[in-house]
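A.B. asks: Quick one: the structure is below, questions incoming.
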Amino acid sequence: MAYERVARLTELPAGRGLCVRAGGLEIGLYRVGERVYAMANACPHAGYPLHEGELEDRVIYCAGHGWPYDVETGHPPDAVGGEPLPRYPVDVRDGDVWIDVASPLD
């Protein structure tokens, strides 16, 4: 695994995401309680940046059309099957957020 430092934990805003770049990809970071999730930042519906939407619990709502995505699973909350948005492993070390874009989660 090739983790890359992308942000300080204190930079992640409450109720929204933070856009970072890693490995040439645009990734949205989301803090839910003590956990941090990393997911592709573009809504597959129309390409809007997901990090600009509203985060409620584990669900980010696209600012463009309101489509919801669970930041833990990458799926819409009520979806059955289908392909999730790409998600990436996250490690928080000494207040720094590290992600591994070379090893997407299944």
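The values are calculated or read from the model by the stated rules, or taken from the named source; none is laboratory data. The structure presented is a predicted model; accordingly, all values stated were derived computationally and were not measured. Heads up, the Cβs are rebuilt from the backbone with ideal geometry, glycines too, and the neighbour counts pull from every protein chain shown.
A.B. asks: Might you let me know whether segment 83-94 holds any residue that is out of contact with any Ser or Thr (no Cβ under 9 Å at 6 or more places or on another chain) and of a type in the set (Phe, Trp, Tyr)?
C.D. replies: Checked against the condition, which is being out of contact with any Ser or Thr (no Cβ under 9 Å at 6 or more places or on another chain) and of a type in the set (Phe, Trp, Tyr), segment 83-94 yields no hits at all.
A.B. asks: Please give the strands (runs of 3 or more DSSP E) falling wholly within segment 1-89 in which 2 or more residues are at pLDDT 95 or above and of a type in the set (Gly, Ala, Ser).
C.D. replies: So the answer is 17-22, 35-40.
A.B. asks: Right, here's the next one. Only one of (1) in contact with a helix residue (DSSP H, G or I) (Cβ under 7 Å, 6 or more places away or on another chain); (2) within 17 Å of Val32 (Cα to Cα) fails for Ala63. Which number is that?
C.D. replies: Unmet for Ala63, out of (1) in contact with a helix residue (DSSP H, G or I) (Cβ under 7 Å, 6 or more places away or on another chain); (2) within 17 Å of Val32 (Cα to Cα): (2).
A.B. asks: Residues Arg16, Arg35: which one is among the basic types (Lys, Arg) and surrounded by 14 or more Cβ atoms within 10 Å (Cβ to Cβ)?
C.D. replies: Selected residue: Arg16, the only one of Arg16, Arg35 that is among the basic types (Lys, Arg) and surrounded by 14 or more Cβ atoms within 10 Å (Cβ to Cβ).
A.B. asks: Condition first: under 15 Å from Gly28 (Cβ atoms), touching a Leu at 6+ places or on another chain (Cβ under 7 Å) and not basic (Lys, Arg). Now tell me which residues in segment 64-106 satisfy that.
C.D. replies: Tyr69, Gly74, Tyr88, Pro89, Val97, Val101
A.B. asks: Please tell me if Ala40 is surrounded by fewer than 22 Cβ atoms within 10 Å (Cβ to Cβ), out of contact with any helix residue (DSSP H, G or I) (no Cβ under 9 Å at 6 or more places or on another chain), small (Gly, Ala, Ser) and touching a residue at least 24 places away in the same chain (Cβ under 8 Å).
C.D. replies: When the stated conditions are applied, Ala40 does not pass them.
A.B. asks: Would you mention how many residues in segment 69-106 are of a type outside the set (Gly, Ala, Ser) and either touching a helix residue (DSSP H, G or I) at 6+ places or on another chain (Cβ under 6 Å) or within 17 Å of Leu18 (Cα to Cα) (or both)?
C.D. replies: Total satisfying the criteria: 18.
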